[in-house]
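Asker: Pasting a structure below so you can have a look.
The values are calculated or read from the model by the stated rules, or taken from the named source; none is laboratory data. Because the structure is predicted, anything quoted here is derived from the model rather than measured. Cβ sites come from the backbone with ideal geometry, for glycine too, and all protein chains shown count toward neighbours. We work out accessible area using only protein heavy atoms, side chains counted, and drop any ligands, DNA or RNA first. Shrake-Rupley method; radii C 1.70, N 1.55, O 1.52, S 1.80 Å.
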Amino acid sequence: MAQTGPIFIHSLFRCASTFFFQKFRALGTRYTCYQEPFNESLEALNKTAHHARLLGSPDGACLLRHPQLDQPYFYEFWQRRRQLKNLYRRAFAYQEYFTGAKLPEPQQRWIAALLAHAQGRAVLQFCRSSGRATALRATFGGVHLHLWREPRAQWWSYKIADYFDRVSRRIYGAQGVPAPLAQLRHELLEPDAAVRVSARHNYALYYGLWLHAWLALSDWSDASIRVDRIALDEADNRACAARLT
């Protein structure tokens, strides 16, 4: 793996990205690690009175089976709260999820500020980047890791909380949604958010996003890592570790 430039970790939800984030964070001052730079909670940066929210845990964090973190999820943003104020926009999370080949200027300024204020090598761990990953690479270069998981197991993991289905619905409502996903939305997604879709349709909607991420990330990433394999197979685990060092 290249020894210079920022490291971008791309995955969907429930795919061990927090584990990878924590492994880099544990290396200390060699890295500045930002968890989920497009997370909607980062809107708290824009009001001084809300900055303390960045030191809390996400709703339902105890259910997520994340590794034990030595600092709050958004601690690195809190440390740079003055420099980052008024750069994050709520639209980054979902409305502007799909950017095409060019990253919009507000998103460029946001990511550029994170990189500029990093001490040591920047590591950015995303769960909301598959619709703009190629634009991120074109703009910032760096090393890009793609984390993925067997889709049925990942979908079952989504069932741990209603949040992930709500997030998927919001991604389908983004501007510039690719035509195949727009077709799925038209055919399967109920206009009334209060109406639950069937399990079959729920999986199809999830799998549309899974496949989009796979096609967007797997071929050009510097490493495409199947996280369930490295969790279960010691040889795969060692090979992955060797590739990342």
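Asker: Which ones in region 70-89 are modelled with pLDDT under 95 and open to solvent by 30 Å² or more (accessible area, probe 1.4 Å)?
Answerer: Selection gives D70, Q71, P72.
Asker: Let me ask something else. Scan region 123-146 for residues that are open to solvent by less than 10 Å² (accessible area, probe 1.4 Å) and aliphatic (A, V, I, L, M) and jot them down.
Answerer: V123, L124, A133, A135, L136, V143, L145
Asker: Mind listing just one residue for me: the one in region 18-56 that is over 21 Å from L84 (Cβ atoms) and among the small types (G, A, S) and, of those, surrounded by the most Cβ atoms within 10 Å (Cβ to Cβ)?
Answerer: A26
Asker: If only one of K47, K23 is within 25 Å of Y158 (Cα to Cα) and free of Cβ contacts under 8 Å to residues at least 12 places away in the same chain, which one is it?
Answerer: One residue alone meets the criteria, K23.
Asker: Quick check on this structure: which one of A213, A199, A223, A153 is modelled with pLDDT of 90 or more and within 19 Å of N39 (Cβ to Cβ)?
Answerer: The unique qualifying residue is A213.
Asker: Tell me the residue from Q175, Q154, Q183 that is polar (S, T, N, Q), part of a helix (DSSP H, G or I) and touching a residue at least 40 places away in the same chain (Cβ under 8 Å), please.
Answerer: After ruling out the rest, the residue left standing is Q154.
Asker: Still on this structure, I have one more. Taking I160 as meeting all but one of (1) hydrophobic (A, V, I, L, M, F, W, C); (2) open to solvent by 40 Å² or more (accessible area, probe 1.4 Å); (3) within 21 Å of S17 (Cβ to Cβ); (4) part of a helix (DSSP H, G or I), write down the number of the exception.
Answerer: The number of the failed condition is (4).
Asker: Now a separate question. Restricting to region 1-47, name every residue that is among the hydroxyl-bearing types (S, T, Y) and in contact with a helix residue (DSSP H, G or I) (Cβ under 8 Å, 6 or more places away or on another chain).
Answerer: Answer for region 1-47, where residues must be among the hydroxyl-bearing types (S, T, Y) and in contact with a helix residue (DSSP H, G or I) (Cβ under 8 Å, 6 or more places away or on another chain): S11, Y31, T32, Y34, S41.
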